[in-house]
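The block underneath contains the structure these notes are about, expressed in structure tokens.
The values are calculated or read from the model by the stated rules, or taken from the named source; none is laboratory data. Just so we're clear, the structure is a prediction, and the values are computed from it rather than from any experiment. Here the Cβ positions follow ideal geometry from the backbone for every residue, glycine too, while neighbour counts run over all protein chains shown.
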């Protein structure tokens, strides 16, 4: 998701703080909504789930800890708590309930932006790792990481574990060129003790198994002087 589409809910009862935080978040490219208390935050949240919540622990009506508990009961949205120095116990409780990070008043708005970016980046990595388990389908070729089955024109092809890993890595990043060292690092766990010729051998075997004409590959292409890429 593009950063500009990320929606942030600021739950803060002090208008001056809410205004400054909102300004900095908008400058950083985020969409912003403000709730002045816990009940309003719940209403906004139920209407449209934000991508991240910045939450002051000291709130009227429903306090920050109760709101954190409610948010965790209904979603795994990232939460960054804003606390005063004297609220250390509450801060620890909030983290134990599942808040992702905290800032202590008085805080630098730019530091808060950095914290938000870090949490959203981490979330993006986790999502992409989860998505990395998806099955990949191309014209006449299917790669399923859950069963580790590869089919070419609906016929199952037997690959070794490392052949599958090389193919899946390349296919997951179509058109991206990987050097031999990068492939050794990502698939074998390091390039120090393994001969780079290992990659060449695996590519040759893969082409024999999935290409219609291994000597004229259409999928697994050599980028001369650099490495290999997958053509979708």
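Figures for the structure shown
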item	result
Residue among 166, 199 that is touching a helix residue (DSSP H, G or I) at 6+ places or on another chain (Cβ under 7 Å), part of a helix (DSSP H, G or I) and modelled with pLDDT of 90 or more	166
Candidate set from segment 78-96 (those that are surrounded by fewer than 17 Cβ atoms within 10 Å (Cβ to Cβ) and within 23 Å of the chain's Cα centre (by Cα)); member that is farthest from residue 37 (Cα to Cα)	96
Total residues in segment 140-163, condition out of contact with any helix residue (DSSP H, G or I) (no Cβ under 8 Å at 6 or more places or on another chain) and modelled with pLDDT of 90 or more	8
Criterion: surrounded by fewer than 19 Cβ atoms within 10 Å (Cβ to Cβ), over 24 Å from residue 124 (Cβ atoms), modelled with pLDDT of 90 or more and in contact with a strand residue (DSSP E or B) (Cβ under 8 Å, 6 or more places away or on another chain) - qualifying residue of 56, 37	37
Residue, farthest from the chain's Cα centre (by Cα), within segment 41-53, restricted to residues that are surrounded by 21 or more Cβ atoms within 10 Å (Cβ to Cβ) and over 22 Å from residue 106 (Cα atoms)	41
When residues of segment 169-196 are limited to those that are assigned to a loop (DSSP other than H, G, I, E, B) and modelled with pLDDT of 90 or more, the one surrounded by the most Cβ atoms within 10 Å (Cβ to Cβ)	177
Yes/no for residue 118 being farther than 17 Å from residue 13 by Cβ, under 19 Å from the mean Cα position of the chain (by Cα) and surrounded by 15 or more Cβ atoms within 10 Å (Cβ to Cβ)	no
Test for residue 69: is it surrounded by fewer than 20 Cβ atoms within 10 Å (Cβ to Cβ), farther than 20 Å from residue 18 by Cα and assigned by TED's automatic domain parsing to the domain that holds residue 7	yes
Unique residue being loosely packed, with under 15 Cβ neighbours inside 10 Å and under 20 Å from residue 123 (Cβ atoms) when the list is 75, 16, 108	75
Per-region count, segment 1-23, residues touching a strand residue (DSSP E or B) at 6+ places or on another chain (Cβ under 8 Å) and in a helix (DSSP H, G or I)	6
Segment 134-161, residues that are surrounded by fewer than 15 Cβ atoms within 10 Å (Cβ to Cβ) and either under 16 Å from residue 230 (Cβ atoms) or not assigned by TED's automatic domain parsing to the domain that holds residue 223 (or both)	134, 135, 137, 138, 139, 140
Yes/no for residue 43 being assigned by TED's automatic domain parsing to the domain that holds residue 96 and in contact with a helix residue (DSSP H, G or I) (Cβ under 9 Å, 6 or more places away or on another chain)	no
Positions within segment 75-111 being out of contact with any helix residue (DSSP H, G or I) (no Cβ under 6 Å at 6 or more places or on another chain), part of a helix (DSSP H, G or I) and modelled with pLDDT of 85 or more, in sequence order	110, 111
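For (1) under 13 Å from residue 75 (Cβ atoms); (2) part of a helix (DSSP H, G or I), each residue gets a yes or a no:
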| residue | (1), (2) |
| --- | --- |
| 25 | no, yes |
| 46 | yes, yes |
| 53 | yes, no |
| 60 | no, no |
